[in-house]
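Everything below concerns the one structure shown next.
The values are calculated or read from the model by the stated rules, or taken from the named source; none is laboratory data. What you are looking at is a predicted structure, and each value in this text was computed from that prediction instead of being measured. Note that we place each Cβ from the backbone using ideal geometry, even for glycine, and neighbour counts take in every protein chain shown.
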Amino acid sequence: MNHPLDAPEPADDPAPDPRVADGSVADPSADDTGDTVADDPAADATVADHGAGMAAGAGAVSPAVPTASRKWGLVLVLAVFVLVADQITKVIAVANLTEGGESPRILGGLVYFSLIRNAGAAFSIGTGMTWILAIVAIAVVVVIIRMASKLRSAMWATSLGLILGGALGNLSDRIFRSPGVMRGHVVDFVSVFGPNAEHFPVFNVADSAITIGGVLLVLTALLGIEFDGTRPRHEHRAAVAAGVDRADG
């Protein structure tokens, strides 16, 4: 039988920490300040504000790229300007010049004013197909007007505005001048280097606008500028070059 003296003495309980009793030591769920995180509304607000700030910062990193404004107004203004200038100069030429008559000159003979009524296209091509040329002009006008509403490039708008104004100028002659509707002859009166188209075909303001617009249109296409003003090929080359630079770095 075990002697009572041989029984193991019970382990002494550690003395309770007086700081726990009076609340000076926080429980494990409390933060360093002794306040319970779950019960601290100020901490919750701070976390929420921090999250909102991160969301706002993330949105600021990649803002939406603004889209260029449409350029249909530029097309309209240029077309109207060319049309009015073309018709005014033609009225003056018809009133003051005679076919086969005297050809006044300016700029030391560089430019002569010789009146010619052209039934065909440029360089007197297609003189027997006046009505076909009128239909082609109408088709060009319709296509450009449809394209104008989508344009966001100033270069495209300028070139198409010049072409549209020139097409309308000559189309007006086809419709309203003799010998009849859709068969009217275009009034040409500018002859360079000599009178009566001796060295170069006679032309008018509308022809000049179409030529300048066509050259500008080709230049715009060669530069790789799209209707919306972007340059995909240029941007692609820049992206490739940036990738090479990063690889070298």
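Summary of values
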{"quantity": "Residue match in region 167-185 (condition: modelled with pLDDT of 90 or more and within 21 Å of Lys150 (Cβ to Cβ))", "calculated": "yes"}
{"quantity": "Complete set of residues in region 81-104 that are crowded, with 18+ Cβ neighbours inside 10 Å and charged (D, E, K, R)", "calculated": "Asp86, Lys90"}
{"quantity": "Conditions (1) surrounded by 12 or more Cβ atoms within 10 Å (Cβ to Cβ); (2) at positive phi: number failed by Leu107", "calculated": "(1)"}
{"quantity": "In region 205-234, residue nearest to Thr130 (Cα to Cα) [restricted to those that are surrounded by 16 or more Cβ atoms within 10 Å (Cβ to Cβ), β-branched (Val, Ile, Thr) and without any contact (Cβ under 8 Å) to a residue 60 or more places away in the chain]", "calculated": "Ile210"}
{"quantity": "Whichever residue in region 134-166 is assigned to a loop (DSSP other than H, G, I, E, B) and either of a type in the set (Lys, Arg) or touching a Lys or Arg at 6+ places or on another chain (Cβ under 6 Å) (or both) and, among such residues, is surrounded by the most Cβ atoms within 10 Å (Cβ to Cβ)", "calculated": "Leu151"}
{"quantity": "Which listed residue is in contact with a strand residue (DSSP E or B) (Cβ under 8 Å, 6 or more places away or on another chain), at pLDDT 90 or above and aliphatic (A, V, I, L, M), from Val202, Val215, Val143", "calculated": "Val202"}
{"quantity": "Options Gly184, Gly194, Gly180: the member that is within 21 Å of Ala79 (Cβ to Cβ) and either without any contact (Cβ under 8 Å) to a residue 40 or more places away in the chain or of a type outside the set (A, V, I, L, M, F, W, C) (or both)", "calculated": "Gly184"}
{"quantity": "Selection within region 177-204 - outside any loop (DSSP other than H, G, I, E, B), surrounded by fewer than 22 Cβ atoms within 10 Å (Cβ to Cβ) and either basic (Lys, Arg) or within 36 Å of the chain's Cα centre (by Cα) (or both)", "calculated": "Val190, Phe203"}
{"quantity": "Test for Ser172: is it touching a residue at least 24 places away in the same chain (Cβ under 8 Å), over 19 Å from Ala119 (Cβ atoms) and assigned to a helix (DSSP H, G or I)", "calculated": "no"}
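Here is a yes/no grid of residues against (1) farther than 20 Å from Val192 by Cα; (2) modelled with pLDDT under 50:
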{"residue": "Ser29", "(1), (2)": "yes, yes"}
{"residue": "Asp40", "(1), (2)": "yes, no"}
{"residue": "Ala52", "(1), (2)": "yes, yes"}
{"residue": "Trp72", "(1), (2)": "yes, no"}
{"residue": "Val84", "(1), (2)": "yes, no"}
{"residue": "Leu107", "(1), (2)": "no, no"}
{"residue": "Val111", "(1), (2)": "no, no"}
{"residue": "Leu115", "(1), (2)": "no, no"}
